[in-house]
1. Dipole magnitude of the protein assembly as shown about its Cα centre, charges +1 at Lys/Arg Cβ and -1 at Asp/Glu Cβ only, in debye to the nearest 20?
2. Hey, what's the stretch A:1-120 come to in accessible area per residue, 1.4 Å probe, Å²?
3. What size of dipole, in debye to the nearest 20, comes out for the stretch B:8-129 about its Cα centre when the only charges are +1 on Lys and Arg C-beta atoms and -1 on Asp and Glu C-beta atoms?
4. From the phi of every residue in the stretch A:430-447, what ³J(HN,Hα) in whole Hz does the Karplus formula 6.51 cos²θ - 1.76 cosθ + 1.60 yield, where θ is phi - 60° and glycine or proline is x?
5. Nearest 500 deg cm²/dmol is fine: what mean residue ellipticity at 222 nm does chain A get from its DSSP H runs of n ≥ 4 alone, each adding -39,500 (n - 2.57), divided by its residue count?
6. Given a 1.4 Å probe and no ligands, DNA or RNA in the count, how much accessible surface is buried by B and A, both sides, to the nearest 100 Å²?
7. Percent of accessible area on the stretch B:8-129 owned by carbon and sulfur, 1.4 Å probe?
8. Averaged per residue, what accessible area in Å² does the stretch B:1-82 show with a 1.4 Å probe, protein chains only?
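The values are calculated or read from the model by the stated rules, or taken from the named source; none is laboratory data. None of the values given here were measured: they were computed from a predicted structure. Cβ: placed from backbone, ideal geometry, glycine included. Neighbour counts: every protein chain shown. Please note that ligands, DNA and RNA were not included when accessible areas were found on the heavy atoms of the full protein model with its side chains. Shrake-Rupley method; radii C 1.70, N 1.55, O 1.52, S 1.80 Å.
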Amino acid sequence: MKSIAVETIESDQWLTRNELLKQAGAQLLALTAFRGNRLEIHWLLPDGNVTAGALNWNGSGFPSLSPYLPEVAWDEREIHDLFGYVPKGHPDLRPLIRTPRWPAGFYPLNDDSRLRPIWVDMEPDNPAKTVEGDGVTIMKVGPTHAGVIESGHFVFSIMGENILHLDLHLFQNHRGVEKSLEGLSTEEVPPLVTRICGADTVSHQTNWAMAVEQLAGHQAPETRCWERIVLLESERVLSHLNDLAQIPAGVGFQVAHQRALAMKEQWQRGLLTLFGHRLLFDTVRPGWSAKGDSDSFLALVRAMMRDWHPWRSMVEGHHGFHDRMNGVGLVRRDDAERFGAVGVAARATGLAFDARTLMPLYQNVSVKPVTGGAGDVAARFKVRLQEVEDSWRILQAALDHLREASDGPPWTPPQDLAGETVSYSESPHGLNVHVVALEEGRIRRYHVRPATFRNWPLVALATAGNAVGDFPLINKSFELCYSCSDR
Amino acid sequence: MHRQAKSLQLRHLDAGSCNGCEQELTALTSRYYDMQQFGLDLVASPRHADALVVTGPVTDTMKEPLRKTWNAVPRPKRLVAFGDCAAGCGVFQEAYASHGGVAAAFEAPDLVIPGCPPQPADVLKQIRRLQTGDEKPSAPNP
């Protein structure tokens, strides 16, 4: 059994060690709390190796990293909310997930009990951070919205049409996923992990499968790897087609919206025929992945391209559309770096990070991160355009390999699997990380750090300084799912 | 040519869904399903709605917004539980911040559309039952 080695770090070294890793260009995978006053931090080094450090303490709290590594500000707030550990020196310890309805002393992840709390009969709203002054108006939006989107509450401080500050109040979709996974056996985990998020589901399923296989020291046969690449890339196309349909909708470009939505539907119908599910739920688990017929799939990709190319020419040639996207919702490259941005949002600022370039699963695939440049809505749109075509190229190669590859012997994880590991993949929204601890074949701790969680603070940053009417467009250009992040 | 007797305006509310149901509900607006040809549409305000379509197992944080949104829908109105989570048979029913579906958290829905997520063609068929009156009548409001 192969756990990842975790080095214990003294509390006076905690900050320096992590700051040095950040400066060396390492990517934060996850900051994970455990019962018994313990934190673990996992970093992905530029050479693809993972390094892990742990901090133990006595008493009420641990030294906060947030003043120096702002990207963990939300992680530490989450730990404060769910474990009751206090990050000492944190600049903004308002509740992130907790609401005034949570009973005092209820720290679900720091407790073996599986009982539901007795909720306090109060409104769920937390205090907002707003701008004060003459002429400033506070505009609250949500948690319910005018369209078919997930729930989230946004508090805007505006002056006239201009947004001065956006305070995000998310986590309305917090179900308690990590706690629900605790105590489950390896066979019971997949249906839940599949449904953490409907948009990045294959990535979540693959992370779980890889974590178990790593712990068991099982090397997935080549066929399995190609099958998973096919599923992950199919999901990327699906999610990007969705986002590419929604961005034009944000500026009322209905023709582009409807044609992209139709392509998405065509793709989903193909996935249903090939894999039995329109969103690829329940297609990957330890030792197994769903397999579609290569020839039918290649025919589907070719059919998609016939609609794709004229659509791409239309949207790229539409000056009015580009005028609406250019310069809107800017994320500066140094901010993206500082906040540990991932996925399309990071690449659109010019950061060349794509986890596929480091994933062992993709070692036989050439992936070149698509970098976009300006960091605005237009750049995020363009990065997705190119990534869809790259995914189709990868799919064609993977399907060719699959035609010849033969299935390895069936494998199921051992019943008494134990240990701790971290697994990651590049979901359509970016770096998606799972930290898994097993004991006698059952989950002791399961921490999910999806790409959207890391990128949400950037949405707030990108929104300030824009017209309030552009917020839907800016939000759609990130198209971060709430459910992953809220769990 | 079909004849459309009644229109039905839907308001969607996400109460802790994984975003799968949202995607399939959105698919109904594409040209493949074109829900508007049946007099169905998704509206921006509960005040304009004939039915409230709820997705997700009803998280604690969305319990109060759900009640308020329902109260804002004018009578006569219908409550729809969309997908397995809302129907009370999803995988996160027992999670600590979930109330286990629309019926357990709030009140019995007039129409339950099972599936994880339900497929759009089936949703269209099920929702149209509300137009033809082929579902149990909504309980009168107190």
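1. Numbers: 63 positive and 74 negative charges, 277 e Å.
Taking the Cα centre of the protein assembly as shown as origin, the dipole is about 1320 debye.
2. Working: 5340 Å² over 120 residues.
That works out to 45 Å² per residue.
3. Numbers: 12 positive and 13 negative charges, 98 e Å.
That gives the stretch B:8-129 a dipole magnitude of about 480 debye.
4. With the stated coefficients, the stretch A:430-447 comes to x, 4, 10, 10, 10, 10, 10, 10, 10, 9, 6, x, 10, 6, 8, 8, 9, 10 Hz.
5. Working: 15 runs with 196 residues, N = 487.
After summing the helix terms and dividing by residue count, I get -13000 deg cm²/dmol.
6. Working: alone 7940 and 19620 Å², together 23420 Å².
Counting both chains, the buried surface is close to 4100 Å².
7. On the way: 1870 of 3970 Å².
Of the solvent-accessible surface of the stretch B:8-129, carbon and sulfur hold 47 percent.
8. Details: 3150 Å² over 82 residues.
For the stretch B:1-82, the per-residue accessible area is 38 Å².
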